Amino acid sequence: MKVLINWFLILGFVSQHLCLGRNVQTKNTSYNVIDYGAIGNGISDDSQAFLKAWKDTCGAQGTVTLVIPPNKVFLLKSISFKGPCRGTNINIQLQGKIIVPPKNAWTGDVSDFILFSNVKSLTIVGSEGLIDGYGSTWWNCKSCPRPSVLHFNACNNLNVNSLHIINSPKIHIKISTTIGAILSNIKIEAPGNSPNTDGIDISASKNILIEDSTIGTGDDCIAIVKDSSYINVTGVACGPGHGISIGSLGKGKSRSNVEEIHVRNCTFIGTQNGARIKTWEGGSGYARKITFEQITLKAVYNPIIINQEYFASSITDEALIVSDVVFREIEGTSGNEKAINLDCTSLGCFNITLDHIDISYPGKQAYAFCKNAHGTATSTIPNVTCLLK
């Protein structure tokens, strides 16, 4: 009997400590930057506190959350959050405001402000949070190296939701060498005259979805560049800016392959371009299987444009092959008489389809221009008679 009682006592002791261990593990799956010394007064540099919090977040197992709390302004200098991490899911709740030092206070690398590298299954939820790049202190020097606000490199299975970014010195969000990403309910804002402030740039990535977002900048709302494929953009309102661009591609006689790009149900308001493909003369590779459809235009200067001779400076027989491009169900107003501009090199663009296009230029007759463009046009206003067979 005494042995049995001792056994129950031992069993209860072990069980109690196992439960405590589980409770401690559960409690430690959430990390708040305040607990690591972040001040959040907009003056003190909170970079080291964020890195310490990230070290524990990245090193924990299971589903882990890094909390950036509300009602605080966190000043960060150039900072890198590097993986790989131990956790199966890494979550970041951005509830407060993050700001960048002005140009005269910047030190270190100017390529990226916030870099996430090799972090898989990362989810960032913006909630009421904001990232302010204070780009106005950089824009006057167009030739100066300028940082992009947020860069995701090799972050497979990425999810970014309800994020608000304003006034980047350069690109607002970069995605590179990433497989699988969803960006939804993104809001990006910068003045229309701010130089090179692309909203979202995608390079060497595939299986990317951008949806239900508002982007207004001084450059491309979205740019899809080198070696990207299976990119879907839907429900995006663009303006001001340079539109949604495939490219530029082939700069410096480089090779690039871009394909399976689908842009649907988007609106362009007062942008320089709408549906755009641009390649440098002398480059190699291809841009193919690209669709722009269900597009609404409001005073867009170049509503539909293919420029296969972007910044052409010499006569050459080399160019990216542009083919299998569809422009369908595009309607609205142009800010230019030349509502459709298909400007291809002597090598030609092939299998271009224009279907159910209705673009007007208030006060004058809009027209279409083609050079070395092969394809078909059905139910188009303006009438497109310049396509080659």
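The values are calculated or read from the model by the stated rules, or taken from the named source; none is laboratory data. Not measured: the values here are computed from a predicted model. All Cβ positions, glycine included, derive from the backbone under ideal geometry; neighbour counts span all protein chains shown. Only protein heavy atoms, including side chains, enter the accessible area calculation; ligands, DNA and RNA are left aside. Shrake-Rupley method; radii C 1.70, N 1.55, O 1.52, S 1.80 Å.
So here's what we get for this one:
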read-out: Sites S111 and K251 - FRET efficiency at Förster radius 30 Å, r taken between beta-carbons, to 0.05; value: 0.95
read-out: FRET efficiency, S127 to E329 (Cβ-Cβ, R0 41 Å, nearest 0.05); value: 0.70
read-out: Chain lengthening between S346 and S360 when straightened (0.36 nm per residue, less Cα-Cα); value: 2.1 nm
read-out: Highest-fluctuation residue, W139, W280, W106 considered, GNM on the chain with Cα pairs under 10 Å; value: W106
read-out: Heavy-atom SASA rank of K389, K226, K174 (probe 1.4 Å, accessible area, largest first); value: K389, K226, K174
read-out: With Cα atoms, 0 to 90° folded angle of helix 47-59 axis to the chain main axis; value: 80 degrees
read-out: 3J(HN,Hα) from dihedral phi, segment 284-295, Karplus parametrisation 6.51/-1.76/1.60, rounded to Hz, x for glycine, proline; value: 9, x, 8, 10, 8, 6, 10, 10, 10, 8, 6, 10
read-out: Charge dipole magnitude, Cβ of K and R +1, D and E -1 - the chain, Cα centre, debye nearest 20; value: 1020 debye
read-out: Hits among lysines - C-alpha to C-alpha of K389 under 17 Å, sequence gap 8 or more where chains match; value: K371
read-out: E281 long-range amide H proximity, modeled H, under 5 Å; value: Y310, A312
read-out: Full-extension gain in nm, I179 to A237, via 0.36 nm per residue minus C-alpha separation; value: 18.4 nm
read-out: Protein accessible area in segment 128-216, 1.4 Å probe - carbon and sulfur %; value: 47 percent
read-out: Label-point gap, in nm, between K298 and T29 - each point 7 angstrom along Cα→Cβ; value: 4.4 nm
read-out: Loop GluC sites (Glu not before Pro), segment 240-324, which have at most 14 other Cβ atoms in a 10 Å radius of their Cβ (DSSP); value: E318
read-out: Cut-off under 5 Å, modelled amide H: who pairs with L388 long-range; value: A373, H374, G375
read-out: Of all accessible heavy-atom area on segment 258-389, the percent that carbon and sulfur account for (1.4 Å); value: 48 percent
read-out: Extension gain (nm, one decimal) between S143 and T88, 0.36 nm per residue minus Cα-Cα; value: 15.6 nm
read-out: Surface accessible to a 1.4 Å probe, per residue, for the residues of the chain, Å²; value: 45 Å²
read-out: Rounded D (µm²/s) - the chain, Kirkwood Rh over Cα pairs, Stokes-Einstein at 10 °C, 1.306 mPa s; value: 70 µm²/s
read-out: Residues with amide H under 5 Å from that of K170, placed H, sequence gap 5 or more; value: V149
read-out: Taking all pairs of distinct alpha-carbon atoms in segment 273-389, Kirkwood radius in angstrom; value: 14.1 Å
read-out: Segment 207-311, Cα convex hull volume normalised per residue, Å³; value: 80 Å³
read-out: Listed residues G348, S111, N167: farthest to the positive end of the dipole of the chain (Cβ charges); value: S111
read-out: Proximal lysines relative to K77, as straight alpha-carbon distance under 22 Å, when same-chain residues fewer than 8 apart are discounted; value: K52, K55, K97, K103, K142, K170, K174
read-out: For segment 128-243, fraction of C-alpha pairs farther apart than 21 Å, in %; value: 30 percent
